[in-house]
1. Quick check on my filter: what residues within the range 267-290 are within 30 Å of residue 249 (Cα to Cα) and free of Cβ contacts under 8 Å to residues at least 24 places away in the same chain?
2. Just to be sure before I move on: is residue 176 under 24 Å from the mean Cα position of the chain (by Cα) and open to solvent by less than 20 Å² (accessible area, probe 1.4 Å) in the structure I sent?
3. Name the residue that is modelled with the highest pLDDT, counting only residues in the range 63-77 that are of a type outside the set (Ser, Thr, Tyr) and either crowded, with 16+ Cβ neighbours inside 10 Å or under 16 Å from residue 158 (Cβ atoms) (or both).
4. Just give me the residues in the range 109-166 being outside any helix (DSSP H, G or I) and crowded, with 17+ Cβ neighbours inside 10 Å, in sequence order.
5. Is it true that residue 269 is open to solvent by 40 Å² or more (accessible area, probe 1.4 Å) and at negative phi?
6. Select, from 167, 82, 155, the only residue that is without any contact (Cβ under 8 Å) to a residue 24 or more places away in the chain and hydroxyl-bearing (Ser, Thr, Tyr).
7. Based on this model, can you work out whether residue 94 counts as more than 14 Å from residue 78 (Cβ to Cβ), open to solvent by less than 30 Å² (accessible area, probe 1.4 Å), free of Cβ contacts under 8 Å to residues at least 60 places away in the same chain and not in a helix (DSSP H, G or I)?
8. Show the residue pairs that are 6+ apart or on different chains and have beta-carbon atoms under 6 Å apart, the first residue being within the range 306-334 and among the basic types (Lys, Arg), the second being open to solvent by 30 Å² or more (accessible area, probe 1.4 Å) and modelled with pLDDT under 95.
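The values are calculated or read from the model by the stated rules, or taken from the named source; none is laboratory data. Here the structure is a predicted model, which is why all the values come from computation and not from measurement. Backbone-built Cβ (ideal geometry, glycine too); neighbour counts: all protein chains shown. Accessible surface is based on the protein model in full, side chains and every heavy atom, while ligands, DNA and RNA are left aside. Shrake-Rupley method; radii C 1.70, N 1.55, O 1.52, S 1.80 Å.
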Amino acid sequence: MNTKFYSRFGSGFRLGVVRPLHGAMFIALLALSACGDKEEPAKVVAPVAANVQAGGSAEVTPGTVPAAASTVVPATVPELLSSASAAFSQDRLVAPEGDNAIEYYLAVLDQDKESVQATQGLVDLFPLGVSIAEKEIAARNVEEAVRIIGLLDASSPGSYTVQKLKSRLAALQNQIQRDDERRLAAEQAALATQARAQAAATETTESSSTTAQPAAGTRTTRETRPVAEAEPEPEVAAPPPVVPARPTGETKDAKVVRQVQPGYPQLAYRRRLTGWVEIRFTVGVDGSVSDAQIIRADPPRTFDREAIRAVEQWMFEPAVRDGKPVPSTLNRRIEFKYPG
């Protein structure tokens, strides 16, 4: 999509209202935008046909985004336009899958490639979809980011903005792969440390048992002599009890090594709201986060979902007690400041 076209003629756009333009006016506006811009604007066209069953999935190679698949229930053009307008007004811009404004407009263009209302709707939706895709990438939601970028690619094939999103997505996929490899290495190192500690404890116990056996054997030999040869048996002091060695080793608290910033909810962004969320969660021995719960929030329930989704993707160096990784519970307060 030509973002400069949007900045020039998008001042009349209001969320939830799609203003259809007459064909001649729309063509004139596109021509006017192209005159003052050296960069050729990307045209909004119908998506490449990709008829696959709804709900299907495929493995995505880093840096590639599969073509958007139609998941909209077949309907007439007026019905699809009505559904698109309703989804637009209810903030269902790119989700849920199969019931969002972009997919309805793309379905219209599958039937009527000259639909001015669908074309203009996609022009208006494109920058909003890009913003949502960027937030999904920041939140490391790869599957959802792939789906949204596929819709944007179908809405504006060859767009430079979409190519940049694809590059960011590829970098995220590579980073996730490296993080998984590091986490696996940390888990293996923790298991190896635990195995060595268990082996040392077993060796200490066996050594103590071997030391106590000669005294018991001597006592048995004397007791089997004939009664006539029995001699007063000196008292044999029992071996001192084996006291397990006190555990020694490093002790430290959990330390964050990767902190994902939460997205800003669309409703709070439009209302220019700010606030904070205090959240409690558990850091496991592998450094991952679980059991994230909201303790307090202001305003309530406005930023909760984004805060939990971000914290669940954090990664820590686990807490260590006497040289062994242990789970720990942490509290964190996350601030949400209006970006404008």
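1. Scanning the range 267-290 gives a single hit, 290.
2. So residue 176 fails the test.
3. 77
4. Result: 115, 139, 140, 141, 156, 159.
5. Yes; evaluated as a whole, the condition is true for this residue.
6. Answer to the selection: 82.
7. Spelling it out, residue 94 is indeed more than 14 Å from residue 78 (Cβ to Cβ), open to solvent by less than 30 Å² (accessible area, probe 1.4 Å), free of Cβ contacts under 8 Å to residues at least 60 places away in the same chain and not in a helix (DSSP H, G or I).
8. 321/251
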